[in-house]
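Below you'll find the structure, written out as structure tokens, and then a few comments.
The values are calculated or read from the model by the stated rules, or taken from the named source; none is laboratory data. Here the structure is a predicted model, which is why all the values come from computation and not from measurement. In this analysis, Cβ positions are derived from the backbone assuming ideal geometry, glycine residues included, and neighbour counts consider all displayed protein chains.
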Amino acid sequence: MGMPVSGKLTAKPLPHIPALKAYTPGIQPTDKGWIKLNTNELPYPPSPKVAEAILNELAGTGESLRLYPNPTSAPLRQTIAKLHGLTEQQVCIGNGSDDILNLIIRCSAGGTSETGMTFPSYSLYPVLVGIQNGVTVSIPFDRSMRLPVEKIVASKASVFFLTSPNAPTGVAFSNTDIETILKGYQGLLVVDEAYAPFASHDAVSLLAHYPNLVIVRTLSKAYALAGIRVGYCLANPEVIGWLDRVRDSYNVNRLSQAAAMGALLDPLYYNTVVNKVKATRDTQYKLWTEKRGWFTYRSEANFLFTEPKNAQLQTGPEVAKQVYDFLVSHKILVRLFASHALTASFIRISIGTDAEMAALNETLDAWLKAKSALNA
Ligand SMILES: *Cc1c(COP(=O)(O)O)cnc(C)c1O
């Protein structure tokens, strides 16, 4: 029991703080038995080298925890630079890639400076801009989800966030399109490549020619380390210098630095599990588009964005909500994006194990049967 609060709070935050709306993370149930296909975590465990590296760091009594971690995560910067054929000066490590996104926004948003993004994309960006009391400018897709290249080029935003492959659609953008933007746009172009390890290409090679490009990566998805909170960005050394000026001096803890090193040293393991996820994704895509006849975006990520059809072949926000509720009642979690017409009739489903996908498909069949019986 806490002490009751008496007296009146007279302190005040900055005027924009009470109006902020915090980011809504996907549900993380604490009870057992859920099939969790709502937050794009990998369904397989991290490499055994991760636990090994953590135990090694703890070495018996955890003596090393007495000491602050490496302030720049230098060994990780070196390893990641090597991995991408870059220099250490082109890498910054974050407490999750959300930390990196926040650092970029801390350097660029506020006052009348505009922060650009597409809609839909990762819904954390506008939340971070709001914290800086900055201005968000959103460029909407149409249903084709083709990149509005000219509109981005014409944007006056000082920084523009592009998610590729995009969330929640899974659609990846070509390097040709990204290059066209880089040739015309004067601000910082941030390509958030959280899902690039599941895609057929990435934009890393463009860093050599375009100093305004920043690429953001995470170990949360393809490295199965969402719980460890490590992400990074690749950019021009000057931009890395900005981020280093505004980040917490010890932004990545010892155990996370060790875990990330362990993961990055086991590329063979990750090749195998990532390839497995891609194969499962492509099997599901075929099943939903061809057998079920559900419109589904071609995904290069570890999830699918699909528009469910009921037994009467109807689609729409109500149908998506019905599927979502039916799945929840069978302890399967997926994600709905009900707040916008472009996304409201879809559900986003993270790619799970074969057993999880089989259970999902059986439950979807049961939903269709229940619906057609109801309407018979
Ligand atoms: C999951 C996700 C992130 C968050 O990554 P963390 O490293 O866990 O903070 C960033 N961007 C996109 C587009 C994501 O989907």
Task: Matching residues, segment 223-246, being within 14 Å of the ligand (Cβ to nearest atom) and in a loop (DSSP other than H, G, I, E, B) - done: Tyr223, Ala224, Leu225, Ala226, Gly227, Ile228, Arg229, Val230
Task: Candidates Thr306, Thr363, filtered to the one that is in contact with a strand residue (DSSP E or B) (Cβ under 7 Å, 6 or more places away or on another chain), in contact (Cβ under 8 Å) with a residue 12 or more places away in the chain and over 30 Å from Asp192 (Cβ atoms) - done: Thr363
Open item on the list: Let me spell it out: the conditions are (1) buried (at least 17 other Cβ atoms within 10 Å of the Cβ); (2) free of Cβ contacts under 8 Å to residues at least 12 places away in the same chain, and Leu188 meets all of them except one. Which number is the exception?
Closed with: (2)
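For every residue, the table says whether it meets (1) touching a residue at least 40 places away in the same chain (Cβ under 8 Å); (2) of a type outside the set (D, E, K, R).
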residue	(1), (2)
Pro140	yes, yes
Lys151	no, no
Phe160	yes, yes
Ser164	no, yes
Gly170	yes, yes
Phe173	no, yes
Ile181	no, yes
Open item on the list: So if I check each of Gly227, Gly293, which one is within 25 Å of Tyr122 (Cβ to Cβ) and either more than 22 Å from the chain's Cα centre (by Cα) or surrounded by fewer than 18 Cβ atoms within 10 Å (Cβ to Cβ) (or both)?
Closed with: Gly227
Task: Residue in segment 251-258 that is within 13 Å of the ligand (Cβ to nearest atom), assigned to a helix (DSSP H, G or I), at pLDDT 95 or above and crowded, with 21+ Cβ neighbours inside 10 Å present - done: yes
Open item on the list: Just to be sure before I move on: is Val239 touching a Cys at 6+ places or on another chain (Cβ under 9 Å) and surrounded by fewer than 18 Cβ atoms within 10 Å (Cβ to Cβ) in the structure I sent?
Closed with: no
- [ ] Select from segment 37-78 the residues that are among the charged types (D, E, K, R) and over 18 Å from Leu264 (Cα atoms) and write down the one among them that is surrounded by the most Cβ atoms within 10 Å (Cβ to Cβ).
- [x] Glu63
Open item on the list: Among the residues of segment 1-46, what is the count of those that are at pLDDT 95 or above and in contact with a Leu (Cβ under 8 Å, 6 or more places away or on another chain)?
Closed with: 6
Open item on the list: So, restricting to strands (runs of 3 or more DSSP E) that lie completely within segment 25-141, which ones have at least 1 residues that are more than 16 Å from the ligand (Cβ to nearest atom), in the same structural domain as Asp244 (by TED's automatic domain parsing) and acidic (Asp, Glu)?
Closed with: 114-119
Task: Filter pass, Ile100 being in contact with a Cys (Cβ under 9 Å, 6 or more places away or on another chain) and either aliphatic (A, V, I, L, M) or under 21 Å from Arg245 (Cα atoms) (or both) - done: yes
Task: Filter result (touching a residue at least 24 places away in the same chain (Cβ under 8 Å) and farther than 20 Å from Leu268 by Cβ) within segment 210-227 - done: Tyr210, Pro211, Asn212, Leu213, Val214, Ile215, Val216, Thr218, Ser220, Ala226
Open item on the list: Looking at segment 18-52 only, could you name the residues that are without any contact (Cβ under 8 Å) to a residue 12 or more places away in the chain and among the acidic types (Asp, Glu)?
Closed with: Asp31
